[in-house]
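**Q** Quick one: this structure, given as structure tokens, is what I'll be asking you about.
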Amino acid sequence: MTSDATLYDRDRKSVSALQKLRFFPLALRGGDGRYVIDDSDRRLLDLSGAWGAASLGYGHPAIRQSVDSALQSQAGASILSSTNAPAVMLAERLLQIVPGSGERRVWLGHSGSDANETVARAVVAATGRNRILAFTGAYHGGTQGSMAISGHSAQEGVAKSGGLTLVPYPNPYRPYEGDPNGNALLVHIETLLETSCPGEEVAAFFIEPIQADGGLIVPPAGFLRKLAKLCARYEILTVCDEVKVGLARPGKMNCFEWEDFTPDIVVLGKGLGGGLPISAVIGPAEIMNVTVSFSMQTLHGNPVCASAALAVLDTIQRENLITQAAETGDYLIKTFKSVQSGQPVIGDVRGRGLAIGIELVLNDAKTPATDLTRKVVYRAWELGAVFYYVGMQSNVLELTPPLTLTREEADKGTEIILRSIEDAIAGNVSDEAVAEFTGW
Ligand SMILES: Cc1ncc(COP(=O)(O)O)c(C=O)c1O
């Protein structure tokens, strides 16, 4: 079809809205390093990294080479009825990278959603316990089973698992019962386990070590370690959903290392494939081997995607990306904190490594600046940077750029973000411009 219509217009007329989460009319024809290239050849700095999936940026030579080599003589397409070397090597590597004790096994999937759904089913099947605990604001996926154990406002109205109990996430900026250390919340959880949600009936507690889509919330130091201890008392499995904030992004290989506790089960996705679809669950053999043919999709364990993941893991080590993410992230967080007093709309700056949240508020009462946030990301797109917002009130700018982001790119991104905030406050983005882009 040849037409004068823009790529974005053609998308409007051909692609279903069901899977759209749009903030501005971004239409891409390519990508290169930390930049995406739009259909008018504009290069935009990608501070979202495709929601964290483009861990090495775009077109990284290690991924290209690894994928190309896997396709030269493709070892099947799946792990269901045969095995293949990239999938096995990936499982072996993940067992080394993710700490844990005893016999463990790795399950390979396509997405964070199918991985969390698999865990939610497997822990119930293996323990015979029907209850699951998770946090309000948690986003564990977009399939029925992963939504059923999530607590994000974007999924309001979706059927929840009958055994699900949600508890508030420890948020030092908006603390539960005024206690920024989270101790009041721990007491609340312990009370639940002794009363309406008996601990001995709970199979697992799903934990995001930083609550990402709920607002890039960093829990107070020590909270997760204490929570894990509480869970252990009732033999409740801790499931750490590292899909968005794991694998070097937080300035450590695993985000839970910040908290010095070892979860029973770890879920990886997004950045694992560096832009190709692959996810993984690492957990105790008695859970991961509870039965056969329990959670499988035809292309699970695909050797091409597994090869991409191996290239990502190699590159994280070879290019020292854990340190780079830690240093660039620290630098960005310090920069934003340093301008906070001159820009009162920036209520809070938080994060670990290259998982950063900037919460925008209207006043000292911390009223969420939802409309302004929408306009800030739109203005940034006009000025040449891509990032989105998260949070139950849609007022937190989220930065999850490629781990390879340089200091100069961080400076450029900061400049665009600050100018976008100023421009949006000055009224330079009209309501009509953003009307179509409802985000979430
Ligand atoms: C913490 C977390 N878990 C799971 C998911 C779902 O991953 P996917 O969209 O790749 O299925 C997401 C996606 O945003 C996430 O942030």
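The values are calculated or read from the model by the stated rules, or taken from the named source; none is laboratory data. These numbers come from a predicted model, not from an experiment. Here the Cβ positions follow ideal geometry from the backbone for every residue, glycine too, while neighbour counts run over all protein chains shown. Side chains included, ligands, DNA and RNA excluded: accessible areas come from the protein's heavy atoms. Shrake-Rupley method; radii C 1.70, N 1.55, O 1.52, S 1.80 Å.
**Q** Taking VAL15 and the conditions (1) crowded, with 17+ Cβ neighbours inside 10 Å; (2) within 28 Å of GLY141 (Cβ to Cβ); (3) of a type outside the set (Phe, Trp, Tyr), which numbered condition does it fall short on, given that it satisfies the others?
**A** (1)
**Q** In the range 248-344, which helices (runs of 4 or more DSSP H) lie fully inside it and hold 2 or more residues that are assigned by TED's automatic domain parsing to the domain that holds GLY222, within 16 Å of the ligand (Cβ to nearest atom) and among the hydrophobic types (A, V, I, L, M, F, W, C)?
**A** 303-318
**Q** Hey, does the range 103-121 have a residue that's of a type in the set (Lys, Arg), farther than 27 Å from ASN395 by Cβ and buried (at least 20 other Cβ atoms within 10 Å of the Cβ)?
**A** To start, the set of residues in the range 103-121 that are of a type in the set (Lys, Arg) comprises 104-105, 121.
Now restrict to residues that are farther than 27 Å from ASN395 by Cβ: 104-105, 121.
When the remaining residues are screened for being buried (at least 20 other Cβ atoms within 10 Å of the Cβ), the result is 104.
Yes, the conditions are met somewhere in the range 103-121.
**Q** Let me ask you something else. Which of (1) touching a residue at least 60 places away in the same chain (Cβ under 8 Å); (2) within 30 Å of THR6 (Cβ to Cβ) is the odd one out, the single condition ASN84 does not satisfy?
**A** (2)
**Q** Would it be correct to say that SER307 is free of Cβ contacts under 8 Å to residues at least 60 places away in the same chain and hydroxyl-bearing (Ser, Thr, Tyr)? Walk me through how you get there before you give the answer.
**A** On the way: free of Cβ contacts under 8 Å to residues at least 60 places away in the same chain: no; hydroxyl-bearing (Ser, Thr, Tyr): yes.
Answer is no for this residue.
**Q** Residue by residue through the range 223-266, note down the ones that are closer than 22 Å to THR323 by Cβ and modelled with pLDDT under 95.
**A** Selection gives GLU259, ASP260.
**Q** Among (1) open to solvent by 20 Å² or more (accessible area, probe 1.4 Å); (2) under 19 Å from PRO250 (Cα atoms), there is one condition VAL390 misses while meeting the rest; what is its number?
**A** Unmet for VAL390, out of (1) open to solvent by 20 Å² or more (accessible area, probe 1.4 Å); (2) under 19 Å from PRO250 (Cα atoms): (1).
**Q** Restricting to the range 215-240, name every residue that is open to solvent by 10 Å² or more (accessible area, probe 1.4 Å) and within 16 Å of the ligand (Cβ to nearest atom).
**A** Those that are open to solvent by 10 Å² or more (accessible area, probe 1.4 Å) and within 16 Å of the ligand (Cβ to nearest atom): ILE217, VAL218.
**Q** For the range 275-302, give me the residue count where each residue is open to solvent by 10 Å² or more (accessible area, probe 1.4 Å) and under 30 Å from TYR58 (Cβ atoms).
**A** 7
**Q** Now, a different point. Return the residue satisfying two criteria in turn: it lies in the range 63-79 and is of a type in the set (Val, Ile, Thr) and part of a helix (DSSP H, G or I), and of such residues it is nearest to HIS300 (Cα to Cα).
**A** VAL67
**Q** Which residues, taken from the range 129-150, are free of Cβ contacts under 8 Å to residues at least 40 places away in the same chain and farther than 14 Å from VAL267 by Cβ?
**A** Across the range 129-150, the qualifying residues are GLY142, GLN144, MET147, ALA148.
**Q** Oh, and also: Filter the range 130-146 down to the residues that are open to solvent by 40 Å² or more (accessible area, probe 1.4 Å) and not β-branched (Val, Ile, Thr), then identify the one that is farthest from VAL390 (Cα to Cα).
**A** Ranking the candidates gives ASN130 first.
**Q** Among the candidates ALA380, ALA365, ALA369, ALA355, single out the residue that is open to solvent by 20 Å² or more (accessible area, probe 1.4 Å) and either of a type in the set (Ser, Thr, Tyr) or assigned by TED's automatic domain parsing to the domain that holds LEU397 (or both).
**A** ALA365
**Q** I'd like to check which helices (runs of 4 or more DSSP H) are fully inside the range 80-175 and have at least 1 residues that are within 13 Å of the ligand (Cβ to nearest atom), out of contact with any Pro (no Cβ under 6 Å at 6 or more places or on another chain) and among the small types (Gly, Ala, Ser).
**A** The helices (runs of 4 or more DSSP H) meeting that bar are 112-127, 144-147.
**Q** In this structure, does GLY49 turn out to be open to solvent by 40 Å² or more (accessible area, probe 1.4 Å), under 25 Å from ASN254 (Cα atoms) and touching a residue at least 24 places away in the same chain (Cβ under 8 Å)?
**A** Numbers: open to solvent by 40 Å² or more (accessible area, probe 1.4 Å): no; under 25 Å from ASN254 (Cα atoms): yes; touching a residue at least 24 places away in the same chain (Cβ under 8 Å): yes.
The answer is no for GLY49.
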